[in-house]
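The values are calculated or read from the model by the stated rules, or taken from the named source; none is laboratory data. Note that the structure is a prediction, hence the values are computed from the model and not measured. Neighbour counts run over all protein chains shown; Cβ positions are idealised from the backbone, glycine included.
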Amino acid sequence: MPDASAWRIVLPHTTAAVPIARALVRTALAEIEAPADGDTAELLTAELVANAVEHTPGGAPIELVVELLAHGFQVEVHDGDPQPPADLSAPGPDDPHPDPWQEHGRGLLLIRTLSSACGHRATPHGKAVWFTLPSRPAL
């Protein structure tokens with residue numbers, strides 16, 4: 001990596017990418033010495049990667065980017081589908097509340113609730129969906 005404050009890695013477009021991404025985020029945060037909530041970072045990263053695997057065509061790989069910021073860090077997941085995800089800023093008027101009996105439907109809610117900011121942007125090859133988490137205060 002050219003910059004010790006950022007990690008970028010290509011992941012396979014399979015469900016195997018989810019535990020790999022969790023481990024990479026844990027390692028990246030330790031490597032860049034980010035005093036952050038690693039458990040939340042791993043959970044939200046897993047949600048983004050799982051969404052990319054489930055909701056985008058399987059031809060293109062998924063890319064994980066972890067970057068240290070001035071007061072926290074940002075995780076981005078790039079995929080080859082230009083279609084934006086559902087609204088990350090707030091649930092839409094037609095979005096039902098997640099069914100407590102279903103296994104799916106909570107990922108974006110978790111990202112909106114637990115991150116300090118989140119969103120998406122177009123990229124030359126699709127889109128990037130991201131979240132930020134603040135640094136923990138020093139004890």
Legend entry - Filter result for the condition that a residue is surrounded by fewer than 19 Cβ atoms within 10 Å (Cβ to Cβ), within 12 Å of the chain's Cα centre (by Cα), under 18 Å from Val10 (Cβ atoms) and at pLDDT 90 or above, over Ala46, Ala23, Ala52: Ala46
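Please specify each residue of the range 55-84 satisfying the condition of being within 12 Å of Ala17 (Cα to Cα) and surrounded by fewer than 19 Cβ atoms within 10 Å (Cβ to Cβ). Quick ask: steps written out before the conclusion?
Restricting attention to the range 55-84, the residues satisfying the condition of being within 12 Å of Ala17 (Cα to Cα) are 61-64, 77.
Pro61, the sole residue that qualifies.
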Legend entry - Residue under evaluation Ala52, criteria (1) farther than 18 Å from His78 by Cβ; (2) in a helix (DSSP H, G or I), criterion not met: (1)
Inset, instruction - Take Ala6 and decide whether it is more than 18 Å from His120 (Cβ to Cβ), surrounded by fewer than 21 Cβ atoms within 10 Å (Cβ to Cβ) and touching a residue at least 60 places away in the same chain (Cβ under 8 Å). - result: yes
Inset, instruction - Could you figure out which of (1) within 22 Å of Leu109 (Cβ to Cβ); (2) not in a strand (DSSP E or B) isn't true of Leu64? - result: (2)
